[in-house]
Amino acid sequence: MLLSSTGKHRRPSKAVRIATLAGVTGAAVAVPLMGATNASAASVETWDAVAQCESGGNWSINTGNGYYGGLQFSQSSWAAAGGTQYAARADLATKDQQIAAAEKLLDLQGPGAWSCAGAGGLTNDGVDPGVDTGSAKNGDTAPKAAPERKAEQPTTRSEKRTAPEKTVTTPTGQKVAKGDGEYKVKSGDTLSKIADAKKVKGGWKKLFKLNDDIVEKADLIFPGQQLHLK
């Protein structure tokens with residue numbers, strides 16, 4: 001029965017002991033005793049403190065000792081608290097899902113269900129932890145990592161120049177690529193003059209090759225264009 005689960009829960013709660021002593025007929029007595037209290041609630045900080053004591057704060061721990069997750073649920077307690085709606089075992093559920101199940105177990109059994117209740121200061125403080133259990137179903141594993149964002153490959157200078165974003169207007173009104181080089185063409189410039197003035201190794205031919213993405217003809221450049229010199 002759900003009320004017979006004891007969590008880690010080495011020390012059964014008073015209500016569970018009553019149900020056990022009363023037997024089948026006593027179960028009818030135990031239910032109203034449970035229902036007489038308000039729904040239990042504790043803050044996330046409180047549950048963190050309990051988990052720190054129970055498992056060192058490892059919410060996905062499974063050491064093979066029969067207790068699972070940050071709050072060290074036994075399998076029967078996990079099922080009794082409705083945890084299997086999230087995952088098959090507590091260690092496979094998210095932290096928020098484990099806390100949501102712990103809230104139900106706290107409501108059923110009180111703080112005594114956890115041996116670390118005192119160390120964590122666990123009481124029914126009425127604070128809604130406000131956890132987000134997500135949409136995980138039975139058998140789902142703990143929170144899926146956010147999709148890994150692939151690092152963008154650095155763009156080379158030549159790649160940038162193949163698609164210049166800006167243009168310059170020629171005297172005839174035509175728009176031509178502006179380029180992104182370090183030298184800005186002035187009125188009267190030619191590739192030969194620029195190559196000589198800037199000592200471009202390879203002369204105007206090299207200069208033309210370096211800028212063939214924006215210069216269509218070696219003898220036709222326009223003021224405002226920006227040429228690469230190397």
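The values are calculated or read from the model by the stated rules, or taken from the named source; none is laboratory data. Every value quoted in this text rests on a predicted model; they were computed, and no experiment measured them. A quick note on method: Cβ atoms are made from the backbone with ideal geometry, for glycine too, and the neighbour counts reach across all protein chains shown. Just so you know, the surface numbers come from the protein's heavy atoms only, side chains and all, with ligands and any DNA or RNA stripped out. Shrake-Rupley method; radii C 1.70, N 1.55, O 1.52, S 1.80 Å.
Which of the residues that make up segment 165-218 are more than 14 Å from Lys230 (Cβ to Cβ), among the charged types (D, E, K, R), free of Cβ contacts under 8 Å to residues at least 12 places away in the same chain and open to solvent by less than 100 Å² (accessible area, probe 1.4 Å)? Result: Asp212, single match. Residue count for segment 76-103, restricted to those that are under 20 Å from Ala117 (Cα atoms) and open to solvent by 20 Å² or more (accessible area, probe 1.4 Å): 4. Inside segment 54-75, residues that are surrounded by 15 or more Cβ atoms within 10 Å (Cβ to Cβ), of a type outside the set (Phe, Trp, Tyr) and within 18 Å of Leu105 (Cα to Cα) make up a count of 8.
Here's the yes/no breakdown for (1) hydroxyl-bearing (Ser, Thr, Tyr); (2) in contact with a Leu (Cβ under 6 Å, 6 or more places away or on another chain); (3) modelled with pLDDT of 80 or more; (4) under 30 Å from Phe73 (Cα atoms):
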residue: Thr133; (1), (2), (3), (4): yes, no, no, yes
residue: Arg157; (1), (2), (3), (4): no, no, no, no
residue: Thr167; (1), (2), (3), (4): yes, no, yes, no
residue: Leu191; (1), (2), (3), (4): no, yes, yes, no
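When restricted to residues that are of a type outside the set (Val, Ile, Thr) and out of contact with any helix residue (DSSP H, G or I) (no Cβ under 7 Å at 6 or more places or on another chain), segment 176-205 contains 17.
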